[in-house]
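> My structure is below; once you've seen it, I'll send some questions.
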């Protein structure tokens, strides 16, 4: 005899869904159309899908859940992991500790704008950014952003492709669309569902994000030859689902080098005959282009979500409490922080910390924390792993990096370096890499020379690095209002030469070499 359904309520939205006992709480949230943060794809690894049981109870936690909760220092018995907690036989009400929530309002639309309004969208793996444009004047009306709700299916594109192939394609498409609408609502400073009709929307995304948004078959991206087949009518259906008159996706270069790189290239000037200029978009997926007068070379590499703060003990986004820079003078540490109290490392803060630890001699080039050095008294064991406390007070262990954190950042760093080296090798023009434009997850706070000292970028670009965090959004906005910019982008996408990094000889050796935290100059 089937079990009787049990109501599960999610706060603060108040959504309730009836599920049978034994249903994972994360599955119940999806059924209730409540988006929970689950970067590890529900594998019980990251601990970010934690909820607080407000009323009622769930089944007792298993060993995996208990271990993760203990590791993340959440010992309150009312706190549970949505991906591991099972609904019991009683009604239950829960509140996410880290909710996708409502989109953060960045700025407001000025009232009374006449004429057509368009939106440029950067559909990222982790976040969605949107810029409202007055199509008549080309002026920016407002920016808004929101988390990408597809994170409930995994932090990386591989997890989401696997989920889509397993039958979750429709929910993934809806998650992307609803994230865009949340960013739009944020820009307009209105509740979701109350946005006005837009005349045009242009969306820049990596190929996987674009395919998942359009709801097309992504199984061809999971195996060689790694292609995406978009059909006529896909964009018309997208426009209807987003309630806009016209919607377009920026064309991609290849199955793993997408319209987001093309849009960034427009903003960076690579479509205007740049000579020896690198464009590097750093995020969960790293995309790189190298422009010469006669050709442009492009490549991508999976970096994982470390630059977004996922998988790092004290990692996080660019919100309040985020550490953006670390300085070490002898045994003293100074932190630059967004807000009064440091709570976590941003991506720029993590790289700054590694650079400072290297400079003071506490960290070897191979990423090993030395047992001796000026900060040796700050070393301690975190779950049996060597860690170093990086708070301004020596006894403060609330801000720290573990040896595993450092290895994780090294892997992400190596992905950037290998992608950059790959396009330079393909061009055969190492000496002509005279400058670089960097966009993406690192944000404006990054000290660009840290990227050279740690070996993300070659030494040849030192002193000529421009950080442009919103290059993708700026390029998409330019294409939205300028037919010339759009045509240049299409030509760029058609003519850029894709470099398949994995197919090249010595890829593994190059990656291992790129793990070193030191400057490099390609031969």
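> Once Rh is set to the Kirkwood radius over Cα pairs, what Stokes-Einstein translational diffusion coefficient, in µm²/s, holds for region 119-205 at a temperature of 10 °C and a viscosity of 1.306 mPa s?
Details: Rh = 13.5 Å.
So the translational diffusion coefficient is about 118 µm²/s.
> Continuing with the same structure: Order of 17, 423, 461 from fewest to most other C-beta atoms within 10 Å? Numbers along the way, then the final one.
Working: 17 20, 423 26, 461 23.
Fewest to most other Cβ atoms nearby, the residues stand as 17, 461, 423.
> Of 180, 385, how do they rank once you tally other Cβ atoms within 10 Å and put the fewest first? Intermediate results must be reported in sequence, preceding the final value.
Values: 180 27, 385 14.
The order, fewest Cβ neighbours first, is 385, 180.
> Now, a different point. Using the basic label-point model (7 angstrom from Cα toward the beta carbon), what is the residue 364 to residue 236 distance in nanometres?
Label at residue 364, label at residue 236, 6.3 nm between them.
> Taking the Cα centroid of region 126-163 and of region 453-482, what is the distance between the two, rounded to the nearest whole Å?
Cα centroid to Cα centroid, the span is 19 Å.
> Subtract the Cα-Cα distance of residue 334 and residue 246 from 0.36 nm times their separation in residues, and report this length gain in nm to one decimal.
The residue 334-residue 246 span can extend by a further 26.7 nm.
> With a Förster radius of 41 Å, plug the Cβ-Cβ distance of residue 383 and residue 222 into 1/(1 + (r/R0)^6) and report the FRET value to the nearest 0.05. Mind showing how you got there, number by number?
Values: r = 34 Å, r/R0 = 0.83.
After rounding, the FRET efficiency stands at 0.75.
> Note the full-extension length gain between residue 393 and residue 90 as 0.36 nm times their separation in residues minus their Cα-Cα distance, in nm to one decimal.
Between residue 393 and residue 90, full extension yields 104.4 nm more.
> Out of all DSSP beta bridges in the chain, what portion is antiparallel? Express it as a percent rounded to 5. It would help to have the intermediate numbers written out before the result.
On the way: 58 of 85 bridges.
If we restrict to bridges inside the chain, about 70 percent are antiparallel.
> Next question. Using a 10 Å cut-off around each Cβ, can you sort 460, 448, 300 from fewest to most neighbouring Cβ atoms? Before the final figure, lay out each step's value.
Details: 460 21, 448 17, 300 28.
Ordered from fewest to most neighbouring Cβ atoms within 10 Å, 460, 448, 300 come out as 448, 460, 300.
> Additional query: From Cα pairs below 8 angstrom and at least 6 apart in sequence, can you work out the relative contact order of region 276-378, rounded to a whole percent? Please list the in-between numbers first.
On the way: 185 pairs, mean separation 18.2, N = 103.
It rounds to 18 percent for region 276-378.
> Using r as the Cβ-Cβ distance of residue 484 and residue 275, and R0 as 22 Å, what FRET efficiency do you calculate, to the nearest 0.05? Each step should come with its number before you reach the end.
Details: r = 21 Å, r/R0 = 0.94.
Step by step, r from the Cβ atoms, then E = 0.60.
> For region 341-375 and region 275-296, what is the separation of their Cα centres, given in Å?
First find each Cα centre; the distance between them is then 28 Å.
> Which value in nm describes the separation of the simple spin-label points at residue 20 and residue 295, placed 7 Å from the Cα toward the beta carbon?
Roughly 5.9 nm, to one decimal.
Laboratory data are not the source of any read-out in this text; all were calculated from the coordinates shown. None of these values were measured; they are calculated from a predicted model. Cβ coordinates were reconstructed from backbone atoms using ideal geometry, including for glycine residues, and neighbour counts include every protein chain displayed.
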